[in-house]
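A.B. asks: To start, I am sharing the structure in question, which I have written as structure tokens.
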Amino acid sequence: MTTPDPDGLLAEQLLRLTRRVHRIQKRHLEHRDLGITPAQSRLLRTLAHWGSPPRMADLAERLEVVPRAVTTLVDGLEASGKVRRVPDPANRRVIRIELTDDGRGALRELRAARRSAAEEILAPLTGDQREALGGLLDTLIDGTPVQPC
């Protein structure tokens, strides 16, 4: 009889949780009928955290995708009025991407959808469990081992 691989089981649980999170977030987004894909949502959130409008190459680097993928995302968001291309004031050949008022409104709706999805996902956990999970997830995200007490 083979012994179960605890790390393999944890990895499988994380993958299953990730898929569940995506399904629930997608359902909450569809209820708001924003017409925004998860990739477009990620681009809008990234833009919102930028100080000044970034170049497309900057977005591609931050999103860890090829520049062509950003072009496709921006094209769709620009067609729906959520972003616009603007010339760089210092170099007119450089194009920057900025959020429009519609884009900021969509971000508010996206945040609300993510909050309601998070409430659904975390509902079975107590406050203490949520806090412990947050600490564990931070450790996994940072890749820094927890120091023993």
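The values are calculated or read from the model by the stated rules, or taken from the named source; none is laboratory data. Small disclaimer: the values here were computed from a predicted structure and weren't measured. Ideal geometry is used to build each Cβ from the backbone, glycine not excepted, and the neighbour counts take in all protein chains shown. To get the accessible areas, we keep the full protein, side chains included, count just its heavy atoms, and leave off ligands, DNA and RNA. Shrake-Rupley method; radii C 1.70, N 1.55, O 1.52, S 1.80 Å.
A.B. asks: What accessible area per residue comes out for the stretch 37-93, rounded to a whole number of Å², with a 1.4 Å probe?
C.D. replies: Value returned for the stretch 37-93: 60 Å² of accessible area per residue.
A.B. asks: With a 1.4 Å probe and all protein chains kept in place, how do Ile121, Ile97, Ile141 rank by accessible area, largest first?
C.D. replies: My answer, sorted largest first, is Ile141, Ile121, Ile97.
A.B. asks: With angles folded into 0 to 90 degrees, how steeply does helix 67-79 sit against the dominant principal axis of the chain? Use alpha carbons for both and round to 10.
C.D. replies: 70
A.B. asks: Please give the helix 38-48 orientation as an angle from the longest Cα principal axis of the chain, in degrees from 0 to 90, rounded to the nearest 10.
C.D. replies: Approximately 70 degrees, to the nearest 10.
A.B. asks: What's the magnitude of the charge dipole for the chain around its Cα centre, counting Lys and Arg as +1 and Asp and Glu as -1 at the beta-carbon? Answer in Debye, nearest 20.
C.D. replies: Using Cβ point charges on Lys, Arg, Asp and Glu, the chain gives about 660 debye.
A.B. asks: With unit charges on the beta carbons (Lys and Arg positive, Asp and Glu negative) and the dipole taken about the Cα centre of the stretch 72-145, which residue among Pro124, Gly81, Leu136 sits farthest to the positive side?
C.D. replies: Of the options given, the answer is Gly81.
A.B. asks: For Lys26, what accessible area in Å² do you get when you roll a 1.4 Å probe over the heavy atoms of the protein chains, rounding to the nearest 10?
C.D. replies: Using a 1.4 Å probe on the heavy atoms, I get roughly 120 Å².
A.B. asks: Compute the long axis of helix 101-122 from its Cα atoms, compare it with the longest principal axis of the Cα atoms of the chain, and write down the angle in degrees, 0 to 90, nearest 10.
C.D. replies: Orientation of helix 101-122: about 10 degrees from the principal axis.
A.B. asks: Oh, and also: At R0 = 22 Å, how high is the FRET efficiency between Glu131 and Arg27 if r is their beta carbon distance? Nearest 0.05 is fine.
C.D. replies: Once the sixth-power term is evaluated, E becomes 0.25.
A.B. asks: Ok, one more. With mean projected area of the Cα convex hull in nm² defined as stated, name the option among [x] 8.5; [y] 13.4; [z] 9.9 computed from the structure displayed.
C.D. replies: Given [x] 8.5; [y] 13.4; [z] 9.9, the calculated one carries the label [y].
A.B. asks: So if we plug the beta-carbon distance of Thr37 and Asp138 into 1/(1 + (r/R0)^6) with R0 = 25 Å, what FRET efficiency do we get, rounded to 0.05?
C.D. replies: Efficiency at R0 = 25 Å is approximately 0.35.
A.B. asks: Taking θ = phi - 60°, what integer Hz values does the Karplus form 6.51 cos²θ - 1.76 cosθ + 1.60 yield along the stretch 132-138, in sequence order, with x for Gly and Pro?
C.D. replies: With coefficients 6.51, -1.76 and 1.60, one gets 5, 4, x, x, 5, 5, 4 Hz.
A.B. asks: Mind grabbing the accessible area of Glu119 for me, 1.4 Å probe, Å², rounded to tens?
C.D. replies: Here the accessible area works out near 120 Å².
A.B. asks: Want the number for Ala11 to Leu122: 0.36 nm per residue separation, take away the alpha-carbon distance, what's left?
C.D. replies: 38.0 nm
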